[in-house]
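Trainee: Before I ask anything, let me first share the structure, which is written out below as C-alpha cells.
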Amino acid sequence: MNVATGPVVAVPAAMADLPALARVHAASFAPDQQWDAPALETLLAMPGVALGVAVAQDGGRQVVAGFIMVRTVLDEAEILTLAVDPAFRRRGLARALLSWMVDMAAGQGVARLFLEVGVDNTAALALYRDAGFDGLGRRRGYYPDGSDAQVMARDVMPARDAESGAWPTL
C-alpha cells in the first residue's frame, strides 16, 4: 500500500463517504468510543463543522485512509476526532491531517485550537505536543469506559502562503 502524496482535501459534508469514515473510526477507537455513519452524519450537519480527508492507494484504488473533523465557533476551534486507518499509520497522515486543519483554521481567523485526548494514548499525545499543543488540564471520567482525557490547546499562527508554503512575517 502506498500513501498518496497529494494534500489532504476538504470534503463537503454532503459528499462525505460516511461508511468509509465510520470504518476508519471503528478501526481507530475502542468499541465504546466509535462513531458510526449516522453519528458522523449528525456531526457533519452541525454548523461550523469541517472535514479533511486523506486518501491512499490500496490495490490500485483510492481509499479513505484517515480523516479529521473540527468544529469552529467564532475564533475558537475544537478537534472533534482524528483517525487514521491502522494499515496506513506511521506514514505521516495524522501529521498531514493536523497540518491541514491548522492551516484551514488560521485561514478562517481561528485564534485557538482545543482537543481532548485519552491520557493513555501516547502516540496521539506525542503528535499533539509536536504540533505545539500544551496540556491545560484533565477531564476525569471523560470517556465511556471511565478513563480520563487530557485537554490540550494551542494558539494558531496566520495561514501559510498557498504558493510558497511560507509563514507570513508578523
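Trainee: Within region 72-110, how many residues turn out to be open to solvent by 50 Å² or more (accessible area, probe 1.4 Å), part of a loop (DSSP other than H, G, I, E, B) and either closer than 17 Å to residue 123 by Cβ or among the β-branched types (Val, Ile, Thr) (or both)?
Mentor: Of the residues in that region, 3 qualify.
Trainee: While we're on this one: Restricting region 113-151 to residues that are under 17 Å from the mean Cα position of the chain (by Cα) and of a type in the set (Ser, Thr, Tyr), which is surrounded by the fewest Cβ atoms within 10 Å (Cβ to Cβ)?
Mentor: 122
Trainee: A further question follows. Looking only at region 30-61, filter to residues that are touching a Phe, Trp or Tyr at 6+ places or on another chain (Cβ under 8 Å) and part of a helix (DSSP H, G or I); which one of those is most open to solvent (accessible area, probe 1.4 Å)?
Mentor: Here the answer is 32.
Trainee: For region 107-127, enumerate the residues that are out of contact with any Lys or Arg (no Cβ under 8 Å at 6 or more places or on another chain) and within 22 Å of residue 48 (Cβ to Cβ).
Mentor: Of everything in region 107-127, those that are out of contact with any Lys or Arg (no Cβ under 8 Å at 6 or more places or on another chain) and within 22 Å of residue 48 (Cβ to Cβ) turn out to be 107, 108, 109, 110, 111, 114, 115, 117.
Trainee: Separate question: What do you reckon, is residue 24 surrounded by 14 or more Cβ atoms within 10 Å (Cβ to Cβ) and at pLDDT below 90?
Mentor: no
The values are calculated or read from the model by the stated rules, or taken from the named source; none is laboratory data. These numbers come from a predicted model, not from an experiment. Please note: Cβ atoms are built from the backbone with ideal geometry, for glycine as well, and neighbour counts cover all protein chains shown. Ligands, DNA and RNA are stripped out before the accessible areas are found, and what is left, the full protein with its side chains, is counted by its heavy atoms. Shrake-Rupley method; radii C 1.70, N 1.55, O 1.52, S 1.80 Å.
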